[in-house]
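These notes are about the structure you will find just below.
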2 protein chains.
Amino acid sequence: MSALLSNVELPYYAVIFTSQRTIGDQGYGQMADQMESLGQDQAGFLGIESYRESSGAGVTISYWKTLEDIRQWKSNPVHQIAQDRGKAKWYQSYSVKVCKVERAYDFEHEDIE
Amino acid sequence: MSALLSNVELPYYAVIFTSQRTIGDQGYGQMADQMESLGQDQAGFLGIESYRESSGAGVTISYWKTLEDIRQWKSNPVHQIAQDRGKAKWYQSYSVKVCKVERAYDFEHEDIE
């Protein structure tokens, strides 16, 4: 169920972005879709997964080949506009963690649905 | 909004556990609460946060001081029972990523709610 590309070599990097949304959409949904689409075109992009609960609390985890790829994406001009709007109106709070993925394994159940 | 203890020194470690639940509770909720409570008593525990959508897709991220702390928790006998039941009936699939958190920063908006 992970939205990580398959056959990715370790180590790679993850950005854990946990956030609390403000109330109301205010253009957030459209920008989020746009950023997800733009992010996928960046060098070193390996995957992304997002979860948000009805309370507005959520997390987006994006995966990258190198720290330099993460820096490039953070400084992308269109992404910077999104980041500024995020601080101004879409997020009550957020936290960013840049991580090196050192070990990874998966489990898939064959018999139940 | 992150459930990480404050003033944690870098680097520390994160376990990203993404999963797709099977249908129905089957004792999952009670065990999940019990594991969250037991995990918090383990050596090196720094925090935990969970998000699950109505589709059954979700993620739990736990934070630890060292890789050894993660190994100890994984091999805890009560936790092992939970892991076995998870594979047998609670999870359609899951993926585990063990990560070293190298950089972390937070944002808190003062003016909007």
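Values computed for the structure shown
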item	result
Candidates B:Gly58, B:Gly44, B:Gly29: whichever shows maximal mean-square fluctuation once chain B is modelled as a Gaussian network with Cα springs under 10 Å	B:Gly29
Cα principal axis extents for the protein assembly as shown, largest first, Å	49, 36, 33
DSSP-assigned coil residues among GluC sites (Glu not before Pro) in segment B:1-97, each with at most 13 further Cβ atoms within 10 Å	B:Glu9
Nearest-ten-degree value, helix A:28-40 long axis tilted from longest Cα axis of chain A	40 degrees
Helical contribution to [θ] at 222 nm, DSSP H n ≥ 4, -39,500 (n - 2.57), averaged over the protein assembly as shown, rounded to 500	-7500 deg cm²/dmol
Summed buried accessible area for B+A [probe radius 1.4 Å, Å², rounded to 100]	4100 Å²
Mean shadow area of segment A:48-113, taken as a quarter of the surface of its Cα convex hull (nm²)	7.0 nm²
Separation of alpha-carbon centers, segment B:1-48 and segment A:34-113, rounded to whole Å	20 Å
Violating pairs (Cα-Cα greater than 18 angstrom) within the set A:Lys87/B:Lys65; A:Lys74/A:Lys97; A:Lys65/B:Lys97; A:Lys87/B:Lys97; A:Lys97/B:Lys100	A:Lys87/B:Lys65; A:Lys87/B:Lys97
Integer Hz, Karplus 6.51/-1.76/1.60 couplings in order for segment B:88-103, x for Gly and Pro	6, 9, 8, 10, 6, 7, 8, 9, 10, 10, 9, 10, 9, 7, 9, 8
Percent of C-alpha pairs per 5 Å bin, chain B, short to long	2, 10, 20, 24, 18, 13, 8, 4, 1, 0
Shielding of B:46-54 by partner chains, average beta-carbon count, 10 Å	3
Carbon + sulfur, % of accessible area of the protein assembly as shown - ligands and nucleic acids excluded, 1.4 Å	48 percent
Two-site label geometry, B:Glu102 and A:Glu53: point separation in nm, points 7 Å out along Cα→Cβ	3.1 nm
Copy-to-copy label separations for A:Glu36, where each label sits 7 Å from Cα toward Cβ, in nm and ascending	2.5
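The values are calculated or read from the model by the stated rules, or taken from the named source; none is laboratory data. Fair warning: this is a prediction, and the values are worked out from it, not measured in the lab. Neighbour counts are summed over all protein chains in view; Cβ atoms, including those assigned to glycine, are modelled from backbone coordinates with ideal geometry. These area figures cover heavy atoms from the full protein model, side chains too; ligands, DNA and RNA do not enter into them. Shrake-Rupley method; radii C 1.70, N 1.55, O 1.52, S 1.80 Å.
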